[in-house]
Each structure stands twice: as C-alpha cells, then as structure tokens.
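S.K.: Can you keep this structure in mind? I'll have questions shortly.
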Amino acid sequence: MEHIDVAVIGGGQSGLATAHALLRRRLRPVVLEASDRAAGSWPHYYDSLTLFSPARYSSLPGMPFPDADRDRYPHRDEVVAYLTAYADRLDADIRTGSRVTAVRSTGDGFAVELEGGGRLSARAVVAASGTFGHPHRPALPGLEEFTGQVMHAADYRSPAPFASRRVVVVGAGNSAVQIAAELAETARVTLATRGPVKFAAQRVLGRDLHFWTTRTGLDAAPLGRFLARPPAQPVIDDGRYRAALAAGRPDWRPLFTGADGAKLVWPDGQREEVDAIVLATGYRADLPYLAGLEGALNAAGHPVHRGGVSAAVPGLAFVGLEWQRSLSSNSLRGTGRDAARIARRIAAHLRGR
C-alpha cells in the first residue's frame, strides 16, 4: 500500500487551494479527484451560469483570474478553464478518476479506499469534495404524490427542454431566481418559496458589493463559529431579477400545499396542472466516504468541526464547507484563506504538535 503524508479528497477549487497551501508548507499532498479533470463541479453547472463576483474577486491564491476587465463577471466555462490552468501550474500530485469510497482510522493515520479496490495510507486527510454531489431535496408537501417531472437544479442545463411548458421552480436563492428568470423566456414559470425573495444590490455607490464586503472585512470575518445554521443568503441582483418578478416573468407564489397527480394545490385552493418542478433548494456537504469514521459526522451526516478542523478525529480537516469560517468559505475568493489555515494545522499535527 502506498504511504503518503496528506490525502486531499476533491480536485475542485477547495482541493486545489488546499494543495497550494500544503505545498507552501513543504508538504506533498496527493489530490484525489473522482472525475476526469481537476475543475470540481463547475463543468456540471447550468450553461448560462455567470459569477456574481467580478474577476478581481474570483481567484485562488497565487494566480489572478485572467481577465483584462477585472470588473467583469466571468462565465461558467471561464471558471472551468481557470481551474484547469491552475491545476496545471501546481506542482502537485493530482490523480483524476480516483473516487474515494471510504476513509478509515488506522490508529496512527488513515486508510483511504478507492473505487476499484485501490488503497492509500495517509497521515492526514483533508475533505474538500464540496457539495454538488449531494443535492438537497427537502420534503415538500405533495412532492411524493406529484406525477410530473421533478428534477434538482444540479441536473438543469438550459431552458430548451422546457419550451412552452408549465414549470414551477422552488427556491429563493441566486440559482433559483436565475433559473426561473431564464426559463420564463420560453415557458410559463412560477417561482415558489416559503417566504418573500430577498435581494441585495450588486452595486452600491458605484462599486460592486464585494468591494464593500472586502473593504469592511465582512467577507473574511470568522462568523461561522457563531452560527447554529447557515443563514439564507439574499439574491445578488443588478436590477434585472427584481424587475422580472415584478413583471410576472416568472411570477411568484407561496409554496404549494399539496399535489393531486400532475396538479399542484396552491394555498388559495387552486389546482393547476404543472409539467415540471425544478428544485433549486441547495446542497449539503458531500461526505459519504466519512460515514464509517467515528466522530467525523453527526447523525444527520454533517461534519463535526471547529473552523474546518475535525472536533473528534485528529488529522482530519475540511475545506470548502458553507460558512466554514466566513461567508466566503465555499467561494473562489474565500476558500484559499481557509485552506491556508487548515494547512497550518495539518503541518502542526504532522510535527506532533
């Protein structure tokens, strides 16, 4: 069995940032990426996805986002190209096609088991596998009885298959509003939420919102330790989405109360036939490989940690969790800060401190 210092599980933005930080600590990580390239979930997001942070605030440590217009909002494919180039520049051992199926304690480290039967022995493990592989599908009234199409936003690519259909998008976040507005150009769409959609202006006093969160220190403030659960984030809007909702394209309704076959039941008692429901209801940490590692996860499958360091398993850490330490922890601009902190803690652990 091959023996290594640190196994980094996941080769997306968080795994690459972690590898960069570990290399700066003179450690030699092995990055284990399940897919065929080191770009994380970005190649799988919907076609029209555009960052709501400008290029100048969308970089990993050591390599600025390559854009002549630093205030432009990059497209999904540009992020994929950026991450691919970042991985190519790293002097790291990145192994694609290496899906981790289990991590087990060996007393003085970990056995990392791979799909296909491979095994590695690691002194430390960093779980940086993100959330895209674990779409959140909440128990909604009538959803189990609904006989129309139900899909998560993780499987949505473009509005083409929904042309002229009746679609309900569930969710109040950025992706929900963006997908609903895009679908409304060719379909009859309702955005259904438990409460009113909250917006935050993309530009304030002529500056992008991220300028102000960075300048005030809010972006990096370690607020995560004070939160019992991550707060709902507002939709960052330049005005187009608020205007789309105001114009009824899409329209907004409170969440349906049930279903009768292909018909949804609305709070006012109206029954309406619907072709498809798109659940833009977020994601949860994708950590099935830690299920057998005692103390790593709680009963709900959530990581038990303090700022990304496992609270119960020495040598185990996390990078890229939502609100791991700050509001930017699971973003391109913020994951590097958490990665540097975790690399420092891993180095100390390996030195026996």
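S.K.: Run the numbers on the chain and let me know its relative contact order in percent, using alpha-carbon pairs under 8 Å that are six or more apart.
M.R.: Answer for the chain is 22 percent.
S.K.: Oh, and also: Taking only DSSP H segments of four or more residues, each worth -39500 (n - 2.57), what value at 222 nm results for the chain once the sum is divided by all its residues, to the nearest 500 deg cm²/dmol?
M.R.: When only DSSP H runs of four or more count, the value is -5500 deg cm²/dmol.
S.K.: Using 0.36 nm per residue, how much length does the chain from Thr101 to Ala139 gain when fully extended, once their Cα-Cα distance is taken away?
M.R.: 10.9 nm
S.K.: Working with all protein chains in place, sort Asp208, Asp286 by solvent-accessible area computed with a 1.4 Å probe, largest first.
M.R.: Descending order: Asp286, Asp208.
S.K.: Please compute the modelled spin-label separation between Ala200 and Asp69, points set 7 Å along Cα→Cβ, answer in nm with one decimal.
M.R.: Distance between label points: 2.4 nm.
S.K.: A further question follows. I need the calculated FRET efficiency for the pair Arg25 and Val265, taking r as the beta carbon distance and R₀ as 51 Å, to the nearest 0.05.
M.R.: 0.35
S.K.: Please list 187-194, 114-121 highest first by mean number of surrounding beta-carbon atoms within 10 Å per residue.
M.R.: Top to bottom by mean Cβ count within 10 Å: 187-194, 114-121.
S.K.: Of all DSSP beta bridges located in the chain, what percent are antiparallel, nearest 5?
M.R.: Given both bridge residues lie in the chain, the antiparallel proportion sits at roughly 40 percent.
S.K.: Any chance you could check the Cα centroid distance between the range 1-68 and the range 250-307 for me, in angstrom?
M.R.: With the range 1-68 and the range 250-307 each reduced to a Cα centre, they are spaced 27 Å.
S.K.: Assign unit charges at the C-beta atoms only (+1 for Lys and Arg, -1 for Asp and Glu), then state the dipole size of the range 245-353 relative to its Cα centre in Debye, rounded to the nearest 20.
M.R.: With Lys and Arg at +1 and Asp and Glu at -1, about 1060 debye.
S.K.: Please list, in chain and number order, the residues 5+ apart from Val235 or on another chain whose amide H is under 5 Å from its amide H, with Hs placed from the backbone.
M.R.: So Val235 has HN proximity to Lys198, Phe199, Ala200.
S.K.: Given the options Thr106, Thr84, Thr50, state which has the largest fluctuation in a GNM of the chain using a 10 Å cut-off (strictly under) for Cα springs.
M.R.: Maximum fluctuation in the GNM of the chain, among the listed residues, is at Thr106.
S.K.: Asp93 to Arg225: FRET efficiency via 1/(1 + (r/R0)^6), r the Cβ-Cβ distance, R0 35 Å, to the nearest 0.05? Walk me through the intermediate numbers first.
M.R.: Values: r = 33 Å, r/R0 = 0.93.
After rounding to 0.05, the efficiency reads 0.60.
S.K.: Still on this model: Between Trp212 and Glu115, what length comes free when the chain is fully extended (0.36 nm per residue of separation minus the Cα-Cα distance, one decimal in nm)? Don't skip to the end; give the middle numbers.
M.R.: Details: separation 97, 0.36 × 97 = 34.92 nm, distance 4.46 nm.
Additional length available on full extension: 30.5 nm.
S.K.: Moving to a separate point now. For the chain, what does the accessible surface come to per residue with a 1.4 Å probe? Please give it in Å².
M.R.: Per residue, the chain has an accessible area of 47 Å².
S.K.: May I pose another question? How large a share of the accessible area of the chain, in percent, is made up of carbon and sulfur atoms when the probe is 1.4 Å and the other protein chains stay in place?
M.R.: Carbon with sulfur: 49 percent of the solvent-accessible area.
The values are calculated or read from the model by the stated rules, or taken from the named source; none is laboratory data. None of these values were measured; they are calculated from a predicted model. Here the Cβ is made from the backbone with ideal geometry for all residues, glycine too, and neighbour counts use every protein chain on show. What goes into the accessible areas is simple: the full protein's heavy atoms, side chains included, and nothing from ligands, DNA or RNA. Shrake-Rupley method; radii C 1.70, N 1.55, O 1.52, S 1.80 Å.
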